[in-house]
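K.L.:
Submitted below is the structure of interest, expressed as structure tokens.
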Amino acid sequence: MELRQLRYFVSAVQAGSLGKAALELGLVPSALSQQISRLEGELATRLLQRTANGVIPTDAGVAFFRQAQLALRHVEHASQAARQARLSGHVSVGLAPTTASVLGVPFMAAMRERYPDVRLQLVESLSGHLATMLNSRQLDLAVVFQTDTAQRWSTIELLRERLFVIFPQGLRGAPRGRRVRLGQIGAIPLILPTGPHGLRSALNAAFTHHEMAPNIVMEIDSLAMLMDAVREGYGATIQPGAAVARLSGVPMRLVEIADPQVERHNVLASLSEEELSPAALAARVVLLDTARSLVRAGRWAGAHLPAGASASRPQAGPGTLPV
């Protein structure tokens with residue numbers, strides 16, 4: 001016996017006609033009649049008597065009608081209780097500045113829509129600092145760019161970002177065209193984060209691979225200040241496309257670095273499964289869905305999903321992924 005059969009039967013009795021009930025239910029009369037006949041077959045008794053004016057319940061049908069109404073009310077009450085017992089609690093999430101500029105607000109909106117009673121704490125900091133906070137249990141989850149400092153994390157590769165040479169119009173020596181090789185930008189004055197920064201570590205490895213010494217004129221760890229310096233024409237920078245998300249209206253050029261190995265891996269890391277609260281587990285799913293939806297919608301410049309991303313699930317234990 002199915003719940004829909006109870007609804008169909010109750011509607012038929014209340015309407016007094018299979019035709020009227022079928023219209024209210026959005027069914028054809030023959031389909032409704034078939035479901036009623038199947039219900040009568042399961043109960044081995046006649047529930048409705050067909051008349052020239054419609055249908056009326058038999059004695060068995062009257063008794064069944066009362067209990068069916070009661071069962072449907074119980075189901076509705078159960079549904080209301082489930083909706084009212086919404087998930088609550090607290091979750092702390094860390095995002096790097098470039099990641100927060102694209103993901104921050106959409107993630108907040110998605111959490112507010114799905115879990116309005118969960119109190120969300122967002123921390124914006126450098127990837128290395130976020131890793132330290134994860135290890136010290138100050139964060140439940142974070143998007144980081146390297147996991148070699150992990151103690152016992154659950155990790156999943158979230159997305160990958162192409163890197164760009166970013167500079168204002170008219171910067172002397174800046175590359176032309178839409179793409180450039182890393183080995184072709186050695187003379188460009190660069191403004192980069194300092195050595196411990198995850199992005200800088202990846203760039204240093206790439207520079208070493210190409211046996212080149214970049215022309216670094218400034219080192220700034222604040223993304224906002226770094227982009228201010230670039231905007232004022234003190235040099236170019238190498239960043240993912242997300243770095244310009246908060247610079248709406250500012251004319252900046254982005255030239256993609258063509259070397260295939262020059263990209264940044266974003267890893268969604270969290271405490272181990274057994275340490276995460278229900279609120280944190282829910283937030284992890286929402287963050288994963290939100291980030292990947294932004295990429296698929298083309299709202300994350302230079303980002304692409306790793307192979308098999310749609311089927312990926314968080315895996316417990318520490319991992320080491322390329323930056």
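The values are calculated or read from the model by the stated rules, or taken from the named source; none is laboratory data. Computed from a predicted model, the values in this text were never measured in an experiment. Backbone-built Cβ (ideal geometry, glycine too); neighbour counts: all protein chains shown.
K.L.:
Show the residue pairs that are 6+ apart or on different chains and have beta-carbon atoms under 7 Å apart, the first residue being within region 174-192 and closer than 12 Å to ARG253 by Cβ and touching a residue at least 40 places away in the same chain (Cβ under 8 Å), the second being of a type outside the set (Gly, Ala, Ser) and in a loop (DSSP other than H, G, I, E, B).
P.N.:
As it stands, the answer is ALA174/ILE188; PRO175/ILE185, since those pairs meet every condition given.
K.L.:
Across region 252-283, what is the total count of residues that are surrounded by fewer than 13 Cβ atoms within 10 Å (Cβ to Cβ) and either closer than 27 Å to ALA202 by Cα or basic (Lys, Arg) (or both)?
P.N.:
2
K.L.:
Would you kindly identify the strands (runs of 3 or more DSSP E) lying entirely within region 106-214 that contain at least 2 residues that are under 23 Å from the mean Cα position of the chain (by Cα)?
P.N.:
Strands (runs of 3 or more DSSP E) meeting the threshold: 118-124, 141-144, 153-168.
Table: residues versus (1) among the aromatic types (Phe, Trp, Tyr); (2) under 46 Å from the mean Cα position of the chain (by Cα); (3) assigned to a loop (DSSP other than H, G, I, E, B); (4) not assigned by TED's automatic domain parsing to the domain that holds ALA282.
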position	(1), (2), (3), (4)
PHE9	yes, yes, no, yes
GLU24	no, yes, no, yes
LEU27	no, yes, yes, yes
ALA31	no, yes, no, yes
THR45	no, no, yes, yes
ALA60	no, no, no, yes
GLN67	no, yes, no, yes
ARG73	no, yes, no, yes
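K.L.:
Here's another thing I want to ask about it. Return the pairs, sorted by first residue and then second, in which the second residue is surrounded by fewer than 16 Cβ atoms within 10 Å (Cβ to Cβ) and β-branched (Val, Ile, Thr), the first residue lies in region 222-248 and is in contact (Cβ under 8 Å) with a residue 60 or more places away in the chain and in a loop (DSSP other than H, G, I, E, B), the beta carbons are less than 6 Å apart, and the residues are 6+ apart or on different chains.
P.N.:
GLY235/VAL217
K.L.:
Same structure, new question: Residues VAL102, VAL93: which one is modelled with pLDDT of 90 or more, part of a helix (DSSP H, G or I) and crowded, with 20+ Cβ neighbours inside 10 Å?
P.N.:
VAL102
K.L.:
On to the next question. Mind telling me which of the residues GLY241, GLY298, GLY235 ends up being buried (at least 17 other Cβ atoms within 10 Å of the Cβ) and modelled with pLDDT of 90 or more?
P.N.:
GLY235
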